[in-house]
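Read through the structure below, which is laid out as structure tokens, and then see the notes.
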Amino acid sequence: MNKRFRIIILACLAFSFFVLQCKKPEKVPPQPKIKFIDLPVKDTVDMLGNPVRRATLIFSLTDGDGDIGFKEGDTLPPFNQGSPYYYNLYINLFKRENGQMLPINISTPFYYRTKYIEPQGINKVLQCTLKVNLDFNVPLPFDSCDFEFYMYDRSQNKSNIEHSGLRRIAP
């Protein structure tokens, strides 16, 4: 009887352990949610050896269904060139002039197609930190700017719009 009692107790403990280990999937909206973290700036050289100022935009991303980024061949509509969904990360720059924030026109916009990301397992909630290098030719035509950025997921859900706040870019 004593041995049987021990077996029952061990079985109950093992069962309790497994039940407590099972977590319910998080409930997160399918729209991407981004949050600015940091924007360090440094002097460096680009791939051709030219001096540049490199700002690294660092932000967190949470997506409820984990459908972020593109595979190599994802270029058919709605992800074709010319579509607003061809790129999924948009970064716009603004400068302060006479107390107003005005867009900065740059020759090559900071629009990106991020790599395909797919969470593993049953819980498809994606939580990650992204780092994007932004190179500026020197000398710069401005010394400070605000980085405004947002993303789209593969379901064409637009994230919230985040800002870095006014940041010094020039040395």
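The values are calculated or read from the model by the stated rules, or taken from the named source; none is laboratory data. What you see is a predicted model; the values in this text were computed from it and never measured. Neighbour counts are summed over all protein chains in view; Cβ atoms, including those assigned to glycine, are modelled from backbone coordinates with ideal geometry.
Key figures for this structure:
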read-out	value
Residue ID - modelled with the highest pLDDT, chosen from residues in region 44-68 that are among the small types (G, A, S) and surrounded by 18 or more Cβ atoms within 10 Å (Cβ to Cβ)	A55
Pair list, Cβ under 9 Å, 6 or more apart: region 145-169 residue on the phi > 0 side of the Ramachandran plot, other residue buried (at least 16 other Cβ atoms within 10 Å of the Cβ) and modelled with pLDDT under 95	none
Number of positions in region 67-78 that are over 15 Å from T129 (Cβ atoms) and either under 11 Å from the mean Cα position of the chain (by Cα) or in contact (Cβ under 8 Å) with a residue 24 or more places away in the chain (or both)	5
Long-range neighbours under 9 Å by Cβ, at least six apart or interchain, first residue in contact (Cβ under 8 Å) with a residue 12 or more places away in the chain within region 94-119, second surrounded by 11 or more Cβ atoms within 10 Å (Cβ to Cβ) and among the basic types (K, R)	M101/K95; I104/K95; K115/K71; Y116/K71; Y116/R154; E118/K124
Looking only at region 79-138, and only at residues there that are aromatic (F, W, Y) and in a loop (DSSP other than H, G, I, E, B), the one that is surrounded by the fewest Cβ atoms within 10 Å (Cβ to Cβ)	Y116
Within region 23-62, considering residues that are among the polar types (S, T, N, Q) and in a strand (DSSP E or B), the one nearest to R168 (Cα to Cα)	T56
Breaking point among (1) touching a strand residue (DSSP E or B) at 6+ places or on another chain (Cβ under 7 Å); (2) surrounded by 13 or more Cβ atoms within 10 Å (Cβ to Cβ), for G165	(2)
Filter result (assigned to a strand (DSSP E or B) and either of a type outside the set (D, E, K, R) or exposed (fewer than 12 other Cβ atoms within 10 Å of the Cβ) (or both)) within region 139-150	S144, C145, F147, F149, Y150
Some residue of region 118-136 being more than 23 Å from K35 (Cβ to Cβ) and modelled with pLDDT of 90 or more	yes
